[in-house]
Each structure stands twice: as structure tokens, then as C-alpha cells.
Amino acid sequence: QVQLVESGGGLVQAGGSLRLSCAASGRSFSYSAMGWFRQAPGKEREFVVVSNWSGDRTTYADSVKGRFTISRDNAKNTVYLQMNSLKPEDTAVYYCAARRGSSVYTSYSYYDYWGQGTQVTVSS
């Protein structure tokens, strides 16, 4: 059974940093597109960053560009999200997602597997 398990969320002050991890099991995602999405209360799920397996096709949302960085350890089947200079508007539940295929999309509807989410709260 495929599982994506996120960790690393929490409460942080504005300007601080957090590192999220997403450990995948049940199949290899070495050649799959993966990414991070988030959903704030009362809002639609939005993409944060998506990436292909090698990282040479990575797209960041404008709102996080220059502050967030995605990385992957394909040998460990794990993807990370380093979040720096956090702002209160980054507060949301963050989800890790993966596709069966290698093509990268920013729409959440293309992703086949999802983690349970991890809460990130940024206080002002």
C-alpha cells in the first residue's frame, strides 16, 4: 500500500524557518513527479512547488519563490521542503503529493497519492 507521511510542521514566528519531510513507502517514486501543496482554512488547495525526479523541472508558486526550496533524496524515497522567511500568510496544512508519471503539473488534480498533511502555523 502506498503511503506518504509528512512531518516537520509546527508553530513558528514570522521570519522563522521550518523543514518539512515526506517519506514515501509502498513503491518507488524515483521517477515520479512530486510536490507540495497547501490549504488554508476556507481556501482551495494550492500548489506550492512541484518537481520532476531530477529536479531540473521545478516550478514554485510566486508567493514562495526565493523563500522555499524543494529537494529530493530518491534513494530514501523522501522529499523535503525547506521554508525560510516564513510569513503569517504561509499558515496552512501542507500536503505532499506524488504522481505515477514523471510529468510535472501544478494542478492538484493530476496527483495520485497524498499524505495526511502537516499543520504549519506562522505567528506575527
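The values are calculated or read from the model by the stated rules, or taken from the named source; none is laboratory data. These figures come from a predicted structure and were not determined experimentally. All Cβ positions, glycine included, derive from the backbone under ideal geometry; neighbour counts span all protein chains shown. Ligands, DNA and RNA are excluded from the accessible area calculation, which covers all protein heavy atoms including side chains. Shrake-Rupley method; radii C 1.70, N 1.55, O 1.52, S 1.80 Å.
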- Query: So which pairs qualify, if the first residue must be in the stretch 77-97 and at pLDDT 95 or above, the second must be in a strand (DSSP E or B) and among the hydroxyl-bearing types (S, T, Y), the Cβ gap must be under 6 Å, and the two must be at least 6 apart or on different chains?
  - Reply: Y80/S21; Y80/S71; Q82/T69; T91/T121; Y94/T118
- Counting only residues that are under 22 Å from V12 (Cα atoms) and crowded, with 16+ Cβ neighbours inside 10 Å, which one in the stretch 70-88 is farthest from the chain's Cα centre (by Cα)? L86
- Note on the structure: Going through the stretch 74-101 in order, the residues found to be part of a strand (DSSP E or B), hydroxyl-bearing (S, T, Y) and more than 10 Å from F29 (Cα to Cα) are Y80, Y94, Y95
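Matching residues to (1) in contact (Cβ under 8 Å) with a residue 40 or more places away in the chain; (2) within 18 Å of M83 (Cα to Cα); (3) assigned to a loop (DSSP other than H, G, I, E, B):
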position	(1), (2), (3)
R27	no, no, yes
S32	yes, no, yes
G42	no, no, yes
F47	yes, yes, no
D56	no, no, yes
T59	yes, yes, no
D62	no, yes, yes
G66	no, yes, yes
I70	no, yes, no
- Task: State the number of residues belonging to the stretch 104-124 that are open to solvent by 70 Å² or more (accessible area, probe 1.4 Å) and in contact with a helix residue (DSSP H, G or I) (Cβ under 8 Å, 6 or more places away or on another chain).
- Result: 1
- Item | Complete set of residues in the stretch 7-30 that are within 14 Å of R72 (Cβ to Cβ) and surrounded by 13 or more Cβ atoms within 10 Å (Cβ to Cβ) | R19, L20, S21, C22, A23, A24, F29, S30
